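Worksheet for the structure shown next.
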Amino acid sequence: MTDARRLAAVASRALAAAGHGDMVWGHVSVRDPDGRGVWIKAPGWGLEEVRDDRVQLVSFDAEVLAGDGGPHKECHIHLEILRRQPELTSVVHTHARGSVSFAALAVPLLPLSHDGALFAGEDVPRFAGTGGLISTPALGRDLAAALGDAPAALMPHHGLVAAGRTVAAAVMHAVLLDRACTAQLTAMAAGPVRSWSGPAEARAKAAECWPESQLVAGFDYLVRRAGTRD
Ligand SMILES: [Zn+2]
């Protein structure tokens with residue numbers, strides 16, 4: 001059993017604990033330390049159902065090297081982002097409802113909360129290529145370009161994508177983006193939004209609130225909520 005395989009299972013359940021489940025859709029990948037591809041849950045399982053034996057090793061050519069069944073149609077999200085950015089370890093793609101609803105408003109994401117400060121006062125990137133499935137390497141490359149070196153991006157009409165140098169960072173980037181979207185949806189539903197962090201405060205908060213230690217603390221909390229590590 002590899003650490004990467006186990007981490008892919010643990011991270012899947014952590015995302016479920018954070019409310020990112022969408023029946024059997026959405027996934028998180030962990031780069032194989034030997035360069036063979038990515039560890040990612042097998043199709044047909046919900047995030048909260050993922051155990052070590054429900055994780056596949058998928059090559060950068062989208063072939064299943066270990067585990068059961070075919071690859072996810074959207075494995076190209078993970079393969080192309082990790083191919084483009086060798087320093088990254090993990091990618092998350094979910095259909096988190098707050099993110100989908102917020103993206104439909106087509107307004108900038110504001111730093112209303114600690115969560116929203118993740119982007120240091122900048123708007124979140126958005127992938128405009130398609131609202132459909134990222135089912136080809138070309139679409140995966142376009143999505144990777146839209147994400148750039150940002151921690152996460154919205155995929156309007158679809159969901160979100162997030163990435164990190166660690167699994168904890170990738171998961172937390174997804175969680176923070178969706179929480180920021182949900183906070184702004186709530187505020188906008190109640191009335192005009194009048195107050196949020198200015199550029200200097202937002203930049204300071206990004207560094208103060210979200211160093212790696214706090215991303216790990218948040219991830220570990222989600223893992224505890226999800227249940228035992230196995
Ligand atoms: Zn999707």
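How many residues are modelled with pLDDT of 95 or more, in contact with a strand residue (DSSP E or B) (Cβ under 8 Å, 6 or more places away or on another chain) and of a type outside the set (D, E, K, R) when one looks only at segment 1-20?
So the count comes out to 8.
Just to be sure before I move on: is Thr89 surrounded by fewer than 24 Cβ atoms within 10 Å (Cβ to Cβ), closer than 16 Å to His27 by Cα and more than 12 Å from the ligand (Cβ to nearest atom) in the structure I sent?
Criteria met by Thr89.
What tally of residues in segment 189-222 results from selecting those that are assigned to a helix (DSSP H, G or I), of a type outside the set (D, E, K, R) and within 16 Å of Leu176 (Cβ to Cβ)?
13
Take the residues in segment 138-169 that are in a helix (DSSP H, G or I) and within 16 Å of the ligand (Cβ to nearest atom), then tell me which one is nearest to Ala206 (Cα to Cα).
Leu147
Would you confirm, using the coordinates I've provided, whether Ala106 is under 20 Å from Met155 (Cα atoms) and more than 16 Å from the ligand (Cβ to nearest atom)?
Judged against the criteria, Ala106 is a match.
For segment 1-27, what are the residues that are in contact (Cβ under 8 Å) with a residue 60 or more places away in the chain, in a loop (DSSP other than H, G, I, E, B) and either closer than 17 Å to Ala66 by Cα or among the hydrophobic types (A, V, I, L, M, F, W, C) (or both)?
Ala18
The values are calculated or read from the model by the stated rules, or taken from the named source; none is laboratory data. All of these numbers come straight from a predicted model, not from anything done at the bench. Using ideal geometry, Cβ is built from the backbone for each residue, glycine included, and neighbour counts are taken over all protein chains shown.
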